[in-house]
C-alpha cells in the first residue's frame with residue numbers, strides 16, 4: 001500500500017475547490033439553522049441556481065463579476081419566492097417544503113425543454129466556455145506549479161488560482177458570520193432561533209428577520225455553486241438531495257452556530273472520505289469492488305451523522321448551551 005500517495009491525496013482534498021464549496025454552502029446553512037433556527041433542507045437548490053446562473057451568463061459572454069451578480073440575484077429571488085409562503089411554517093413542515101422546492105428546481109433545470117439553455121440531462125460542460133471569464137482573471141503565469149507534494153495547473157480547471165479564490169471566499173464568509181453573530185441583528189436572529197414568540201412580543205418583525213436570513217444564507221449557497229462547478233461541469237443531478245444531506249452532515253460535524261464549524265466539518269468529512277476510499281481501493285479486497293468501496297464510505301458518513309446527533313448534537317466546535325438540535 002502506497003501510504004505516501006494516499007496521504008498526499010487526502011491532504012490535497014483538505015484544500016480542494018469542492019471542499020471549499022461545501023464549506024461555503026454550510027456557512028450559508030449556518031445562517032439558516034445555526035443563527036436563525038430555520039430547518040432548510042433545500043440548500044442544494046440555492047447551489048444549483050447559483051451554478052446555472054453563473055454558467056449561463058458566462059457562456060453568453062458576461063464578465064466574471066456580472067455573472068457572479070447574476071448568481072447572487074438568482075439566490076435572492078429564489079429565497080424571496082420560497083420564503084413568502086413558507087416562513088410561517090416551523091420545524092418539520094419547513095424542512096419538507098424546502099426539500100421539495102429544491103427538487104422542483106433540479107427537475108426543471110434538467111428538463112429537455114430547456115436543453116438549449118441548461119443542457120438538459122447532460123448539463124453544461126467546461127467546453128461550453130463558462131470557465132473562460134474566471135480563468136482570464138488568473139494573476140499567475142500559464143503552466144503548472146508544484147508546492148511541496150502537490151502539482152496543479154496555475155489557471156485552468158482545478159488550478160491553484162481556483163483554490164486561492166475559493167478559500168478566499170470561505171474566509172470572507174467566515175468573517176461575515178463572525179461579524180453578524182456579534183451584531184444587534186445577529187442577536188435578534190438568535191432570539192428567533194430560541195423563542196420567536198418572545199421576540200415577536202418585543203415588537204420585532206420575526207418574518208422579516210427570517211426572510212433576511214434565508215436570502216443571505218442562500219447567497220452563500222449560490223456562491224458555493226460557482227466554485228463547485230468551475231473545476232468540472234454544471235450537472236443538475238450532482239446538486240440534488242445528496243448534496244443537501246452532505247451539507248447538513250458538514251454543519252453538524254463542525255458545529256452549528258459557530259464561525260469555523262462549517263469549515264472544519266467540510267475538511268474533516270472529505271479528507272476522511274478520501275482516506276477510507278483510497279485505503280479500501282489499495283487493499284484490493286476480493287469481497288468488495290471499487291464501486292462498493294465508495295458506497296461503504298458513504299455508509300460511514302451516514303453512521304457518523306447518526307452518532308453525532310445522538311452523542312454530540314452540538315458538533316466538534318459547538319457549545320451545547322448555545323445550541324442543541326431540537327426540531328419540535
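The table below gives the values:
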| item | result |
| --- | --- |
| Unique match (being in contact with a strand residue (DSSP E or B) (Cβ under 8 Å, 6 or more places away or on another chain), under 29 Å from residue 273 (Cβ atoms) and either crowded, with 24+ Cβ neighbours inside 10 Å or in contact (Cβ under 8 Å) with a residue 40 or more places away in the chain (or both)) among 21, 55, 25 | 55 |
| Filter pass, residue 110 being closer than 19 Å to residue 27 by Cα and surrounded by 12 or more Cβ atoms within 10 Å (Cβ to Cβ) | no |
| Qualifying residue in the range 139-160 (condition: within 24 Å of residue 70 (Cβ to Cβ) and loosely packed, with under 13 Cβ neighbours inside 10 Å) | yes |
| Test: residue in the range 273-286 that is modelled with pLDDT of 90 or more and surrounded by fewer than 19 Cβ atoms within 10 Å (Cβ to Cβ) | no |
| Qualifying residue in the range 166-176 (condition: free of Cβ contacts under 8 Å to residues at least 24 places away in the same chain, touching a helix residue (DSSP H, G or I) at 6+ places or on another chain (Cβ under 8 Å) and closer than 28 Å to residue 257 by Cα) | no |
| Qualifying residue in the range 94-106 (condition: more than 21 Å from residue 25 (Cα to Cα), surrounded by 14 or more Cβ atoms within 10 Å (Cβ to Cβ) and more than 17 Å from the chain's Cα centre (by Cα)) | no |
| Residue count for the range 309-328, restricted to those that are part of a helix (DSSP H, G or I), touching a helix residue (DSSP H, G or I) at 6+ places or on another chain (Cβ under 8 Å) and at pLDDT 80 or above | 0 |
| Qualifying residue in the range 5-15 (condition: touching a residue at least 60 places away in the same chain (Cβ under 8 Å) and touching a strand residue (DSSP E or B) at 6+ places or on another chain (Cβ under 6 Å)) | yes |
| Failed item, numbered, when residue 203 is tested on (1) farther than 22 Å from residue 12 by Cβ; (2) in contact with a helix residue (DSSP H, G or I) (Cβ under 9 Å, 6 or more places away or on another chain) | (2) |
| Filter result for the condition that a residue is farther than 29 Å from residue 107 by Cβ, at pLDDT 80 or above and crowded, with 23+ Cβ neighbours inside 10 Å, over 261, 220 | 261 |
| Options 37, 45, 79; residue that is outside any helix (DSSP H, G or I) and surrounded by 24 or more Cβ atoms within 10 Å (Cβ to Cβ) | 37 |
| Test: residue in the range 157-166 that is over 19 Å from residue 233 (Cα atoms) and at pLDDT 90 or above | yes |
| Residue 137 vs. criteria part of a loop (DSSP other than H, G, I, E, B), touching a residue at least 12 places away in the same chain (Cβ under 8 Å) and either closer than 17 Å to residue 62 by Cβ or in contact with a helix residue (DSSP H, G or I) (Cβ under 9 Å, 6 or more places away or on another chain) (or both) | yes |
| So residue 130, is it over 24 Å from residue 265 (Cα atoms), part of a helix (DSSP H, G or I) and under 22 Å from the mean Cα position of the chain (by Cα) | no |
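Quick grid of which residues meet (1) touching a residue at least 12 places away in the same chain (Cβ under 8 Å); (2) in a helix (DSSP H, G or I); (3) farther than 25 Å from residue 193 by Cα:
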{"position": "68", "(1), (2), (3)": "yes, yes, yes"}
{"position": "75", "(1), (2), (3)": "yes, yes, no"}
{"position": "94", "(1), (2), (3)": "yes, yes, no"}
{"position": "99", "(1), (2), (3)": "yes, yes, no"}
{"position": "102", "(1), (2), (3)": "yes, yes, no"}
{"position": "105", "(1), (2), (3)": "yes, yes, yes"}
{"position": "115", "(1), (2), (3)": "no, yes, yes"}
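The values are calculated or read from the model by the stated rules, or taken from the named source; none is laboratory data. For clarity, every value in this text was computed on a predicted model and none was experimentally measured. Every residue, glycine as well, gets a Cβ built from its backbone with ideal geometry; the counts of neighbours run over all protein chains shown.
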